[in-house]
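Laboratory data are not the source of any read-out in this text; all were calculated from the coordinates shown. Quick caveat, the model's predicted, so the values are computed rather than measured. Neighbour counts run over all protein chains shown; Cβ positions are idealised from the backbone, glycine included.
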Amino acid sequence: MLLRIISTFWIIAKLISINLWLDDRLYPLVPLFEYTETIPSIVHTLLFYSSITVLFSVLLFPKNIKLIILLLLLELSSCILDVTRWQPWEYQYIFILLIFILNRNNSRVIYNALIFILASIYIYSGFHKVNGGFLYTIWEQMMLRNFMGISNKTIIDNKLHYVGLILPVIEILSGFGLLFLKNKRTPALVLITMHLFILLFIGPLGINHNMVVWPWNVAMIALLYILFIKNSTLEYSLKTITKKWNLIVLLFWGILPAFSFIGYWEHYLSSSLYSGNTVNMSICFKDKEDAKLFEPYLSNKDRYNVCNGESRLSLLHWAYTEMRVTPYPEVWYYKRFKEQYIKQYGKDKVRFIRYCYPYKELKEVE
């Protein structure tokens, strides 16, 4: 049942973001290794359609371990060819496959490892939101103003700015509740309510934003229901993920994400979801003629004066418009992206500027 749920919503996410998985696009591929740059276009296409085919096969035969291993290899291969494919939902689904492979004869350990991953997502996601970027960008701009239609005056007069901290606190406490409370049904219901609100907030009835994470939110609701409400008597033991190969789960979901707060681990691999403080990059064109190729993706506004009046191509807007995903928000990725862009389009009269909240310090990508 669990693999069928994952496969269903994984298929939907990959179809929504189909341009991410193919290389017939303007947005450059950003391969993990230089030697994969020359891999022909057909390989990306074959990997994508093979993955979709195997996902449908897993829907029909979820107990076939060979299919699960094949799917894992296909996804890893595809992600090596383009780091932009390292989306949080892709990372989570890949690890779920690994859990089923490592514990194919032990459903109890599978359930315990999944519980740990879900708890880790909520705990670290909550902690990443405790910052001014989340309060200003996500809470104030997106939620209060764009979604609820609350004016800036009302926000200031009623001191609503810091009220947004309630959201990450609820997320963190609920995550710990999944780990340590005997009655896990209560935090699960709180989190299901949270996901329903998120779907209302970013869905077609709300601000209609970031469509690719809609199926992920539905998948999380389904996982929470099955793990904590339908199977409410399931016993959880942290010891199960401290043995043998399951230590990988503890390492990548329990320990390494903590290092993301001091810059020693990746944000997207640490459940930094809608945190509002990740690094962004824009390309500034001195010559408007050079920008014409990217006209559908150019930003109409430059609120933080990133490009000083020059034509501006926000990577965030470009990636989302063309591929329905966001760029991988790490400085090393932007450096690699710059290299690929120059190889593909040249470097004359363009600047690559990175920035993050509070948008006071702009740095050129070297």
With charges only on Cβ, +1 for K and R and -1 for D and E, what is the dipole size of segment 1-102 about its Cα centre, in debye, rounded to 20?
-> 500
Step through the residues of segment 140-153 one at a time and calculate ³J(HN,Hα) from phi using the Karplus curve (6.51 cos²θ - 1.76 cosθ + 1.60, θ = phi - 60°), rounding each to whole Hz and writing x for Gly and Pro.
-> 6, 5, 7, 7, 6, 7, 6, 8, 8, x, 7, 6, 4, 4
Net lengthening on full extension, R4/T36 (0.36 nm per residue, minus Cα-Cα) | 8.3 nm
Ignoring trypsin sites (Lys or Arg not before Pro) buried by more than 16 other Cβ within 10 Å or outside DSSP loops, the longest site-free run in the chain is 183-242
How much net charge surrounds L269 when only the other residues with a Cβ under 14 Å from the Cβ of L269 are counted, with Lys and Arg +1 and Asp and Glu -1?
-> -2
D (Stokes-Einstein, µm²/s), Kirkwood Cα radius, segment 1-102, 1.306 mPa s at 10 °C | 115
Short to long, in 10 Å steps from zero, the percent of alpha-carbon pairs of segment 280-364 per bin is 18, 56, 27, 0
Output the direction-averaged projected area (hull surface divided by four) of the convex hull of the alpha-carbon atoms of the chain, in nm².
-> 18.9
So what J values fall out for segment 238-245 if you push phi through Karplus, 6.51 cos²θ - 1.76 cosθ + 1.60 with θ = phi - 60°, rounded to Hz, Gly and Pro as x?
-> 5, 4, 5, 9, 10, 10, 6, 6
Longest span of the chain, sites excluded, free of chymotrypsin sites (Phe, Trp or Tyr not before Pro) in DSSP loop with at most 11 other C-beta atoms within 10 Å?
-> 34-263
Whole-Hz Karplus couplings 3J(HN,Hα) for segment 277-288, θ = phi - 60° and coefficients 6.51, -1.76, 1.60, Gly and Pro as x, run 10, 7, 6, 10, 9, 10, 9, 10, 9, 6, 9, 4
Using a 4.7 Å Cβ cut-off, which Cys residues in the chain lack a partner cysteine?
-> C79, C356
Length added when fully stretched, L238-I207, from 0.36 nm per residue minus Cα-Cα | 7.3 nm
Please list the non-local residues whose amide H lies under 5 Å from the amide H of L26, H modeled 1.01 Å from N, same-chain partners needing a gap of 5 or more.
-> none
Set of lysines near K230 by C-alpha distance (under 17 Å), chain-local residues within fewer than 8 positions excluded = K182, K184
May I ask you to list the lysines whose Cα is less than 26 Å away from that of K288, ignoring any residue fewer than eight positions away on the same chain?
-> K301, K335, K338, K343, K347, K349, K360, K363
So what's segment 106-278 giving for Rg/Rh, alpha carbon basis, Kirkwood Rh from the mean inverse pair distance?
-> 1.00
Quick one: net charge of L3's neighbours, Cβ under 13 Å, K/R +1, D/E -1?
-> +3
Long-range amide H partners of S314 with built H, under 5 Å = I283, S299
For the chain, calculate the relative contact order in percent as a whole number, restricting contacts to Cα pairs under 8 Å that are 6 or more residues apart.
-> 21
